[in-house]
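Notes to accompany the following structure.
The values are calculated or read from the model by the stated rules, or taken from the named source; none is laboratory data. In this text, all values refer to a predicted model and were calculated from it rather than measured experimentally. All Cβ positions, even for glycine, are placed from backbone atoms using ideal geometry, and neighbour counts span all protein chains on display.
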Amino acid sequence: MHSASTNKLTRYSAHSRRGGEAIDAAGVLPDFKGVAVHDGWAPSRNYEGAEHGLCNIHHLRELEAAAEQGHGWPLAMSCLLLDTKGLVDAARAAGADRLDAGALGELADSYQTIIQMGHEEHPPAAGRKTKAHNLLLRLERYEPDVLRFAHEFRVPFGNNQAEQDIRMVKLQQKISGCWRTAAGAQRFLAVRSYISTARKHGHDTLEVLGQLAAGRPWLPDAAPT
């Protein structure tokens, strides 16, 4: 199952594959021009029309696992990300739309200091890369995407919206099991996409399902061109 979400829209789809073929079939990222916040799944990078933000909730989980292996830099990075989230939340609550240049400069310096700390803990001569080392290299390579939430307040800290939206579908799967046919799964996900989107716009589920059954489905306003 694949999911793409905003605070007003939900799109679920099912596909036999996980990569670019499935993402193309879902019909969102190929023409998307905004910021796509995701967990770093490699095929998502193939869509260059969009900007990318990486989910820091996923990073916090990975950093916790790396810290449990005895590394020091993951704890420092976790603290930096959470402290920065606190600064962003406070600035947004105060009516600001960005952090000031001084705060962003300090953030960049601290980030690089922690990355350097990580390289000292994972010297090149150590041999085979561990998960913690690979995480360090990813955080270094994609620093702009990791910190995009601090530079653009419209970008969330993580992709919790998508995580919340798939919860109902995963609950159905846990209780009722998988669908027997691909067509049945696609129909179910189309209806769930409709219900989830309508709820985000404040509409009653039974009301919009009634409109759908009557051949007059409720539809959200089209995006501005």
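Would you check which residues across the stretch 8-26 are in a helix (DSSP H, G or I), under 22 Å from residue 196 (Cα atoms) and charged (D, E, K, R) and list them?
24, the sole residue that qualifies.
Restricting to the stretch 171-190, and then to whatever is aliphatic (A, V, I, L, M) and surrounded by 13 or more Cβ atoms within 10 Å (Cβ to Cβ), can you tell me which residue is nearest to residue 16 (Cα to Cα)?
Applying the filter and picking the extreme gives 185.
Mind checking whether some residue in the stretch 15-22 is among the polar types (S, T, N, Q), over 17 Å from residue 155 (Cα atoms) and at pLDDT below 90? Spell out how you get there, then give the answer.
Looking only at the stretch 15-22, we keep the residues that are among the polar types (S, T, N, Q), and these are 16.
Filter once more, keeping what is over 17 Å from residue 155 (Cα atoms): 16.
Retained after the next criterion (residues that are at pLDDT below 90): 16.
Yes, because at least one residue in the stretch 15-22 is among the polar types (S, T, N, Q), over 17 Å from residue 155 (Cα atoms) and at pLDDT below 90.
Taking the stretch 192-210 as the region of interest, how many residues are surrounded by 13 or more Cβ atoms within 10 Å (Cβ to Cβ) and in a helix (DSSP H, G or I)?
Residues meeting the conditions: 11.
Taking residue 36 as the residue in question, decide whether it is free of Cβ contacts under 8 Å to residues at least 60 places away in the same chain, in contact with a strand residue (DSSP E or B) (Cβ under 7 Å, 6 or more places away or on another chain) and closer than 30 Å to residue 184 by Cβ.
Working: free of Cβ contacts under 8 Å to residues at least 60 places away in the same chain: yes; in contact with a strand residue (DSSP E or B) (Cβ under 7 Å, 6 or more places away or on another chain): yes; closer than 30 Å to residue 184 by Cβ: yes.
Yes, satisfied.
Mind checking which helices (runs of 4 or more DSSP H) fall wholly inside the stretch 83-168 and carry at least 3 residues that are on the phi < 0 side of the Ramachandran plot, without any contact (Cβ under 8 Å) to a residue 24 or more places away in the chain and over 20 Å from the mean Cα position of the chain (by Cα)? So that I can check it myself, show each step before the final result.
On the way: elements: 101-121, 131-141, 143-146, 148-151.
Answer list for the stretch 83-168: 101-121.
What single numbered condition from (1) among the aromatic types (Phe, Trp, Tyr); (2) touching a helix residue (DSSP H, G or I) at 6+ places or on another chain (Cβ under 6 Å); (3) modelled with pLDDT of 90 or more fails to hold for residue 149?
Single failed check for residue 149: (2).
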